[in-house]
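Below: one structure, written as C-alpha cells.
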Amino acid sequence: MERFLKIFLAIIIIGVLILIGLGMRQIIQTITRSNDLGLDNILSNLENTPKTIKAVVVKVNDKSLMVISIANEEVGEIYTCSFAKEGNIGFKMGQEILIHYDGTIFATYPGSFSNVEKIEVVKEKSEIEIPEKYLRYCYSSFDNVSIVINDFNNSGMTFTITDSNKYKYDYSKEYVITKKNKEIEEENKKIEERNKNALEQQLEQEKAKNQEGKNYTTGFTPPETPKEVWEEVPKISNIKSENTGSYSEVGNTYTRNYDWANLYGQLGEGEYKFRTKINEIISKTIEINFTIDKNGKVTYSKPIIDNI
C-alpha cells in the first residue's frame, strides 16, 4: 500500500511539472507574438534562439531592406534588415516577407536583425497598407525643404516652407520663443572656471600620488552644473501659440504668419530663438535665431532644421 502511494504521488508530481512546462511555453509564445509589434528586443536578447518575423518591405537599399513588422494584421515597428546570403532576390516595396534571423534585435533606431539567414517572399503585394509616417521616414529628405523669412518685427513674423518631397512632412503650428538670460550666461562662465580649477587641483593630487608610487587615477565629476541659458519669454496671456497665426497651403508651399503681440507682447532688446516642431518619428525643430537691438531693429539668421 505504501509503495502504491509513493508511485501515485510521483505520477501526480510529474503531471504537475508537465502542466507547468506547457503553461510557460504558452506564455513565451504569447510574448513572442507580441514582440512582432515592437517588443522583440526584450525576449530576443534573452533567448537568442532562431526566430522568424513577418514584415512588409518599405524600401530596398543597396545591401538591406527597410521593413515594418506585422502580426495579426497589425502594423508594428520599422526595422533595418540586411540581405541574407542570397542577396537581393528581387525585393520591392509592398512585398510581404518572412525573415529568419538568430533571435537578436539590436537596440538601435531603427532596430536591426542579427544574422539574417533567409528572407522568403510570402506575397508579392501585401494587404497591409504602409503608414505614411514610415514612407516619409524612408523616402523624404530635409534636403528637399527650404524655409524663407518674408517679414520680421518685434511682434511677429511671416515665413514660407517649401517641401518638394513626395511624402511631405507634418509641420506643427505651435511655436515657442526663448530669450538668452545674460546673467545666467555670465554665472555659467564663472562655474566653468571653477570647474576647470577643480579639475586642475585633482590632476595635481593624482600627479603627487603617482610620484609616491600609489595608483590614484580617478574620474572627474564637476562640482557645479551650468544652468540653462535660454528661457521662454514670459507670457502675457493664456492664448495658445497656434491661435496667434494664420496659415495657408498652396501646392508644396506652406505660409506661416504669426503675430505674438497677445502672447508675448512686443519683444525688447536681447537675443532670441524661435522654434516650431516638425512632428515625425524622430521629431525635428525649425529654429530661427534673431536679435533685437535697443531701437527695436530685428536681425535674424537663416532658419535651420535640427534635432529637438
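Every number in this text was worked out from the coordinates using simple rules, so none of it is lab data. Computed from a predicted model, the values in this text were never measured in an experiment. Ideal geometry is used to build each Cβ from the backbone, glycine not excepted, and the neighbour counts take in all protein chains shown.
Rounded, prolate or oblate, given the Cα gyration tensor of the stretch 46-138, with a/c below 1.5 counting as rounded? If you can, show how the numbers build up before the last one.
Numbers: a/c = 1.40, a/b = 1.24, b/c = 1.13.
Verdict is rounded for the stretch 46-138.
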Exercise for the section: Select from Ser237, Thr178, Thr160 the residue farthest towards the positive end of the dipole of the stretch 160-246; place +1 on Cβ of Lys and Arg, -1 on Cβ of Asp and Glu, and compute about the Cα centre. Expected result: Thr160
Practice task
Enumerate the calculated ³J(HN,Hα) couplings along the stretch 160-170 in order (Karplus 6.51 cos²θ - 1.76 cosθ + 1.60, θ = phi - 60°), each rounded to whole Hz, writing x wherever the residue is Gly or Pro.
Solution key: 10, 10, 10, 10, 8, 5, 5, 9, 6, 6, 9
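What is the ratio of the Cα radius of gyration of the stretch 112-186 to 2.2 N^0.38 Å, where N is its residue count, to two decimals? Provide the component values of the computation, followed by the final result.
On the way: Rg = 21.5 Å, N = 75, 2.2 N^0.38 = 11.3 Å.
That works out to 1.89 for the stretch 112-186.
Given charges of +1 on the Cβ of Lys and Arg and -1 on the Cβ of Asp and Glu, with all other atoms neutral, how large is the dipole of the stretch 46-138 about its Cα centre, in debye to the nearest 20? Please report the intermediate quantities before stating the final value.
Details: 11 positive and 14 negative charges, 58 e Å.
So the magnitude is around 280 debye.
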